[in-house]
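Visitor: Have a look at this one.
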Amino acid sequence: MEIKNIVENITINIDGQDVDVPKGTNIIEAVKMVGKGKEVPHYCYHPKLSIAGNCRMCMVEMGMPMRDRATGEAILDDDGTQKIGWMPKPTIGCATNAAPGMHIRTNSEMVKESRNGVTEFLLINHPLDCPICDQAGECRLQEFSAEHGRGYSRFTEEKNVKPKRTKLGPRVTLDDERCILCSRCVRFSKEIANDDVLGFVDRGTYSTLTCYPGKELEHNYSLNTVDICPVGALTSTDFRFKMRVWFLKRTHSICTESSVGANTEIWSREGKIYRVTPRRNDAVNDTWMTDSGRGLFKSIDADDRLTHYTIDGVHKTPTQAAVAAAELLKAGDAALIGSAHSSVEEQFYYKAIADRSSAKVALVSHYDSADGILQSEDRTPNLRGALVTGLIDSLPEAELSAIAREINSGAVKTLFVVNEDVTKLGIPADALSQVKVIYVGTHANETSQGAAVVLPSLSVFEKDGTFINQSFRLQRFKAAVPGPSGVTSDFSVLEQVAASLNDEKPAAITIDVAWEYIAKSISQFEDSLRWRGIPDEGLALDAKAFLDIPFVETKNLKFDPVAFKEAHATPAGA
Amino acid sequence: MAIQEQRLIFKHIDEPGYTNDIDCYIKHGGYEQLKKAVTMKPEDICAEVLESGVRGRGGAGFPAGMKWKFLDRKSGKPIYLVCNCDESEPGTFKDREIVHQDPHQLIEGMMCSAFAIQAKLAFIYIRGEFFQGYKILERAIEEAREKNLLGDNILGSGYSCDIIVHRGAGAYICGEETGLIESIEGNRANPRIKPPYFPAALGLYQCPTIVNNVETLCDVKHIIELGGKGFAQIGTPGNTGTRIWCVSGHVEKPGYYEFPCSAVTLGQLIYDVCGGLKPGRKLKAVIPGGSSAKILRADERFTGKLKDGTEFDWGIEDIPMDFDSLMAVGSMSGSGGVIVMDDSTDMVEALANINYFYAHESCGQCTPCREGVPWMRKVTQRMVDGEAREEDADLLKNIADQIAGRTICAFGEAASWPVQSFIAKFKDEFVQKAREQAARRKEGKAAATKTTLI
């Protein structure tokens, strides 16, 4: 149920080929639409930033159909087609918007020659230190120099000297000699991060990127400047010198920092994650993500990671632990503390487990202040999933004192806890000691320490699954690295718990088998939907059933709760 | 026999007893044209200016009336008038004299223009080095305000407009109109990309804006006095009005001289008006319109066709001093800075000097100018310093070709035209330089000879 603005299409001619593009598209984007890998090389242009037009790399030749000035009639060529009046100078593609009948040459001699010139100019004062530069392998300057450069230098003078290894902020290091002054980072800080701290000082060839005096590039989006830097000028202090990018495997994932669900890419090698970068999704996060979200992967190697299935502190097999958990639940008087950090699939299983053991279900909210960009109030990735799977039917409370009261009254004797430390959420340690605890989670805490059964689970980086974000978009993430040795997939363990509760034999479950059940039993999903079938950009779900729930999210980069409600109350085409 | 000047703008400049206060200006008939202007219909003034054919005096020579016509009047946004007084083109020194000696002429011209385009507010952008000029303008504006010649309800006409003097901080690029606008807004004077930021539509504070040179705005006053037709009778069709030629270099009497367009030839200007070259010297080359204009070689023959179709065959001394003729011979009248060089000039050093200026003044926003112009400076500096190579001439030409036409603003052309034309016309000297240095090195002497460069 995507809401699309109807934009008028116009026809332009690119290198002799007619192409239909939406009106107002600039030439760089229009050429991309031709496909076949056709592109206009560029540095300063970024689809999500204002147009600067300063790198001069995206030069193309532009012409318009000629008309007689006096009569307005078309001037025809000998063969009867309208004559094209080509501009004498090349024009920049980023600031030229497609107009009906416009003709573009992206590969003429003039264009090639001007790209060649710009490439040479960019290289004369560039340190050419690719062998020790982190950007090598993902550097536009490197790529375009190979493609459009002359291959040798005519520059025999001395290069400019500029500051090296400048600490711009806590997470970003700057090498001014590599900087090509494209101003992407300056525009990003000003336009997206709303913190106008970067700028140029000095003039001409001595222009130098720097921070406002007395300030630092420390906003929570500073690492995006590293992503958009087309060269190795801005580098991530954390990732610097760690790994060559061409060795890294890229896995599509979702940021779990908040209900925004920024699309991400995990860069890993041999089971180790090196960095996390945003993945473009115009409906969710454009091309950005928070710095804080990028650091979340570091916790998977923490010392307090749960790595063993235990019963009363003794190591057991996953099956033994699952059966023990089921036995405890069968005794009745159970409560299940779910988590909005769990995936849709896990929540589906928790729902089944709660139903089969007649356990009451509670979730805890994790709200914090929002930044209005990509960090929403709800700091869990999948609260909507808990609602869609039916695990809960209203917003969670901030703590669990209601459960604590039931423990004290003896109404609850078994507590199934997913990834929460309930001792910090209103169930004091002495109350907890009165119940049998089954703990499912990634990391040890006070709740897991006294638990009768511990089922270690995988982090988002180690498993396949889905989340549903603030705008009810179903988004898929894939395992990037293996989990701790011996820890099996979460829903195969949960399947064993659920099956034991029904005294059934557990099925050998994969995520696609799990989805056969999930798709059938949840009305928001098409019956034929499978995990593999979820598109990379996500799937907008029908949110009609949940519009009355007073979600806490306020307006942020791509989500406006008021507009969302209005749009979903009256579906498009109605 | 010296040719008589015909001064219009510079009528009172250097006149004994003429002072720059308002009483003196009014005594000489000042502000009569403003009184007349406010009784006219604004669109009629625009029509007169268009009919006069007056072309911009700042460098590009674009018809001012046409520029005014491009104003976006439908947007409903306020219109601004900006006077470009950032006179920094090497070889040009006319605006400074107007500001220093006759500031009220500028103010009157500006108020007439502001009324004509119905500007909400007017600015004078004066270069930072003109501190004296700034103080003079501030005082003059105060005097004019006291007499209700600007400010609220000017002369009871119901039209209000004030002038704000904005000082630059000393950068050539601030003379580029969109760079100037950025500078007034308080930003770095990085020129804007066109499209979409044409000042007439999206100028100062994204409002329609007209930027005119000091001399052009003064011309408006005289257009009101003489009428568009009357003004057009000065000079020749297409090259109307007078021009102030700022002659510098190797002539006996350098200075500013005002003539109707086409009234003098370059030869007359150098030999009759400026008293010729220093004794015993021969003319080698002339840059006719400020340092960015293409150089003309003294022994060249210029042939071709003018705009109106008449063929010409001129030596350098026969070139009429006007917009179209100088354009026809491959250069431009620019800002009117005529730089004369005699045979004592070392062309490599001259170009090194020009390159030094442009490399220093490049704003650094777009790649070709930021990187290319300092490269050219480094090459010419190295040549002067004794490391010239024979292939440097071709390299210089090639770098300039990679800059011209590829930049955000016209600075790219301004910086590459001198190089292109010096190499095109004096390539032999550049090659010769390398050979001489090689020969001297072979003899064990220092390759570089003494230079007069800074």
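Quick note: the coordinates plus some simple rules give every number you see, no bench work behind them. In this text, all values refer to a predicted model and were calculated from it rather than measured experimentally. Positions of Cβ are generated from backbone atoms using ideal geometry, with glycine treated the same way; all protein chains shown enter the neighbour counts.
Visitor: Whole angstrom only: what separates the Cα centroid of region A:195-235 from the Cα centroid of region B:178-200?
Guide: 22 Å
Visitor: Also, quick follow-up: Strictly over 24 Å apart at the Cα level, which of A:K48/B:K194; B:K194/B:K307; B:K69/B:K194 would you flag in this model? Don't skip to the answer; put the middle values down first.
Guide: Numbers: A:K48/B:K194 20 Å; B:K194/B:K307 27 Å; B:K69/B:K194 18 Å.
The answer is B:K194/B:K307.
Visitor: Additional query: Quickly rank A:40-53, B:170-183 as a protection proxy: mean count of other C-beta atoms within 10 Å, highest first. Let's see the in-between values first.
Guide: On the way: A:40-53: 20.4, B:170-183: 24.6.
Peptide ranking by packing, descending: B:170-183, A:40-53.
Visitor: Give me a single rounded figure for A:117-129: the average over its residues of other chain Cβ atoms within 10 Å of their Cβ.
Guide: Counting Cβ atoms of other protein chains within 10 Å of each residue's Cβ and averaging gives 4.
Visitor: If the chain between B:E32 and B:E317 were fully stretched, how many nm would it gain, using 0.36 nm times the residue separation less the Cα-Cα distance? Intermediate results must be reported in sequence, preceding the final value.
Guide: Values: separation 285, 0.36 × 285 = 102.60 nm, distance 4.01 nm.
In short, 98.6 nm is gained.
Visitor: Around A:G53, under 10 Å between beta carbons, what's the net of Lys plus Arg minus Asp minus Glu among the other residues?
Guide: Details: positive: A:R56, B:R192, B:K194; negative: none.
Neighbourhood net charge equals +3.
Visitor: Starting from the Kirkwood radius over alpha-carbon pairs of the protein assembly as shown, derive D by Stokes-Einstein at 4 °C in a medium of 1.567 mPa s and give it in µm² s⁻¹. Don't skip to the answer; put the middle values down first.
Guide: Details: Rh = 33.8 Å.
My calculation gives 38 µm²/s for D.
Visitor: All other residues with a Cβ under 14 Å from the Cβ of B:I98 taken together, and with Lys, Arg as +1 and Asp, Glu as -1, what is their net charge?
Guide: Values: positive: B:R7, B:K11, B:R57, B:K94, B:R96, B:R127, B:K221, B:R243; negative: B:D14, B:E15, B:D86, B:E87, B:D95, B:E97, B:D102, B:E108, B:E215, B:D219, B:E258.
Here the charged neighbours net out to -3.
Visitor: Kirkwood Rh, Cα Rg: Rg to Rh for region A:9-107?
Guide: Ratio of gyration radius to Kirkwood radius for region A:9-107: 1.00.
Visitor: Then there's this: Under a Cβ-only charge scheme (Lys and Arg +1, Asp and Glu -1), can you give me the dipole magnitude of the protein assembly as shown about the Cα centre, in debye to the nearest 20? Before the final figure, lay out the partial values.
Guide: Details: 119 positive and 140 negative charges, 273 e Å.
That gives the protein assembly as shown a dipole magnitude of about 1320 debye.
Visitor: Okay, next question. By DSSP, what percent of the beta bridges with both residues in region A:310-569 are antiparallel, rounded to the nearest 5? Can you show the working numbers first?
Guide: Numbers: 12 of 29 bridges.
Given both bridge residues lie in region A:310-569, the antiparallel proportion sits at roughly 40 percent.
Visitor: Nearest 0.05, what FRET efficiency do A:D20 and A:E73 give at R0 = 30 Å with Cβ-Cβ as r?
Guide: Between A:D20 and A:E73 the formula returns 0.70.
Visitor: Okay, moving on. Could you give the alpha-carbon Rg of chain A over 2.2 N^0.38 Å, rounded to two decimals? Write out the running numbers ahead of the final one.
Guide: Numbers: Rg = 28.4 Å, N = 574, 2.2 N^0.38 = 24.6 Å.
Expressed relative to 2.2 N^0.38 Å, the Cα Rg reads 1.15.
Visitor: Also, quick follow-up: Can you order the peptides A:329-338, A:546-555 by their average number of other Cβ atoms within 10 Å per residue, highest first? Walk me through the numbers before you get to the answer.
Guide: Values: A:329-338: 20.5, A:546-555: 14.1.
Per-residue mean Cβ counts within 10 Å order the peptides as A:329-338, A:546-555.
Visitor: Over what distance in Å are the Cα centres of region A:43-105 and region B:338-394 separated?
Guide: Here the answer is 34 Å between Cα centres.
Visitor: OK, next. For region B:165-314, what relative contact order do you get, as a whole percent, if you take Cα pairs closer than 8 Å and at least 6 residues apart? All intermediate terms of the calculation are to be shown ahead of the outcome.
Guide: Working: 172 pairs, mean separation 13.6, N = 150.
Across region B:165-314, relative contact order equals 9 percent.
Visitor: Would you please classify the overall shape of region A:215-258 from the alpha carbon gyration tensor, given that a ≥ b ≥ c denote the square roots of the eigenvalues, rounded means a/c under 1.5, and beyond that prolate means a/b larger than b/c while oblate covers the rest? Each step should come with its number before you reach the end.
Guide: Values: a/c = 2.05, a/b = 1.12, b/c = 1.83.
Judged from the Cα gyration tensor, region A:215-258 comes out oblate (a/c at least 1.5, b/c at or above a/b).
Visitor: In what sequence, highest mean first, do B:280-286, B:405-411 appear when ranked by Cβ atoms within 10 angstrom? Numbers along the way, then the final one.
Guide: Details: B:280-286: 17.7, B:405-411: 22.7.
Order by mean packing, descending: B:405-411, B:280-286.
Visitor: Can you find, among A:S489, A:H148, A:S258, the residue farthest towards the positive end of the dipole of chain A? Put +1 on the C-beta of Lys and Arg, -1 on that of Asp and Glu.
Guide: A:H148
Visitor: Per residue and in cubic angstrom, what volume does the convex hull of the Cα atoms of region A:523-574 have?
Guide: Values: hull volume 6.5 nm³, N = 52.
That works out to 124 Å³ per residue.
Visitor: Count neighbours as other Cβ atoms within 10 Å of each site's Cβ, and list the trypsin sites (Lys or Arg not before Pro) in region A:405-444 that are DSSP loop with at most 16 such neighbours. Could you put the intermediate results ahead of the total?
Guide: Details: sites: A:R405, A:K413, A:K424, A:K436; in loops: A:K413.
Hits after loop and neighbour filter: A:K413.
Visitor: Now a separate question. Over region A:211-365, what per residue volume does the convex hull of the Cα atoms give, in whole Å³?
Guide: Details: hull volume 28.9 nm³, N = 155.
Per-residue hull volume (Cα only) is 186 Å³.
Visitor: Pairs of Cα atoms under 8 Å, at least six residues apart: use those to get the relative contact order of region A:310-569, whole percent.
Guide: On the way: 484 pairs, mean separation 57.3, N = 260.
The value is 22 percent.
Visitor: Something else now. Within the set of other residues whose C-beta is less than 11 Å from the C-beta of A:R294, count the net charge using Lys and Arg as +1 and Asp and Glu as -1.
Guide: On the way: positive: A:R171, A:R275, A:K298; negative: A:D227, A:D238, A:E257, A:E265, A:D291.
So the environment of A:R294 carries a net charge of -2.
Visitor: When the helices in chain B are scored as -39500 (n - 2.57) per DSSP H run of 4 or longer and the sum is shared across all residues, what 222 nm value do you end up with, to the nearest 500 deg cm²/dmol?
Guide: Result for chain B: -12000 deg cm²/dmol, rounded to the nearest 500.
Visitor: Counting only other chains, and only Cβ atoms inside 10 Å, what mean value do you get across the residues of A:239-249? Don't skip to the answer; put the middle values down first.
Guide: Numbers: counts 0, 0, 0, 0, 0, 0, 0, 0, 0, 0, 0.
Across the residues of A:239-249, the mean count of other-chain Cβ atoms within 10 Å is 0.
Visitor: Given the DSSP H assignment, sum -39500 (n - 2.57) over each helix run of at least 4 residues in chain A and divide by its residue total; what's the result at 222 nm in deg cm²/dmol, nearest 500?
Guide: Values: 15 runs with 133 residues, N = 574.
Value at 222 nm, helices only: -6500 deg cm²/dmol.
Visitor: Which value, in debye to the nearest 20, describes the size of the charge dipole of region B:306-409 about its Cα centre when Lys and Arg Cβ atoms bear +1, Asp and Glu Cβ atoms bear -1, and nothing else is charged? Write down the numbers at each step before the final one.
Guide: Numbers: 8 positive and 20 negative charges, 160 e Å.
Its charge dipole is roughly 760 debye.
Visitor: Run the dipole for chain A about the Cα centre, Lys and Arg Cβ at +1, Asp and Glu Cβ at -1, nothing else charged, and hand back the magnitude in debye, nearest 20. It would help to have the intermediate numbers written out before the result.
Guide: Values: 65 positive and 78 negative charges, 237 e Å.
The dipole magnitude comes to about 1140 debye.
Visitor: When the convex hull of the Cα atoms of region A:310-569 is projected onto a plane and the area is averaged over all directions, what value comes out in nm²?
Guide: Details: hull surface 54.3 nm².
About 13.6 nm², averaged over all directions.
Visitor: Continuing with this model, one more query. Which value results for Rg/Rh of region B:97-213 when Rg is the Cα radius of gyration and Rh the Kirkwood radius based on the inverse mean 1/r?
Guide: Details: Rg = 14.4 Å, Rh = 14.8 Å.
Here Rg/Rh amounts to 0.98.
Visitor: Then there is this: When only C-alpha pairs under 8 Å and at least 6 residues apart count, what is the relative contact order of chain A, in percent? Walk me through the intermediate numbers first.
Guide: On the way: 1135 pairs, mean separation 64.0, N = 574.
Relative contact order for chain A comes out at 11 percent.
Visitor: Please give the average number of partner chain Cβ atoms lying within 10 Å of the Cβ of each residue in A:175-181, rounded to a whole number. Numbers along the way, then the final one.
Guide: Details: counts 0, 0, 0, 0, 0, 3, 6.
Per-residue shielding by partner chains comes out at 1.
Visitor: List the GluC sites (Glu not before Pro) in region B:86-123 that DSSP assigns to loop (not H, G, I, E or B) and whose Cβ has at most 16 other Cβ atoms within 10 Å. Which are they?
Guide: Numbers: sites: B:E87, B:E97, B:E108; in loops: B:E87.
In loop regions of region B:86-123 (DSSP not H, G, I, E or B), there are no sparsely surrounded GluC sites (Glu not before Pro).
Visitor: Still on this structure, please answer the following. Which whole-number percent of Cα pairs in region B:347-442 have a distance greater than 17 Å? Write down the numbers at each step before the final one.
Guide: Numbers: 1962 of 4560 pairs.
That tail contains 43 percent of the Cα-Cα pairs.
Visitor: How big is D, in µm² s⁻¹, for region B:257-331 by Stokes-Einstein at 20 °C and 1.002 mPa s if Rh is the Kirkwood radius over C-alpha pairs?
Guide: Working: Rh = 12.9 Å.
Translational D for this selection: 166 µm²/s.
Visitor: Shape call for region A:93-188 from the C-alpha gyration tensor, a ≥ b ≥ c root eigenvalues: rounded (a/c under 1.5), prolate (a/b greater than b/c) or oblate?
Guide: Details: a/c = 2.43, a/b = 1.45, b/c = 1.67.
Since a/c reaches 1.5 but b/c is at least a/b, the shape of region A:93-188 is classed as oblate.
Visitor: Checking a compactness column here: for chain B, what do you get for Rg(Cα) / (2.2 N^0.38 Å), N being the number of residues?
Guide: On the way: Rg = 22.7 Å, N = 454, 2.2 N^0.38 = 22.5 Å.
Computed over Cα atoms of chain B, the ratio equals 1.01.
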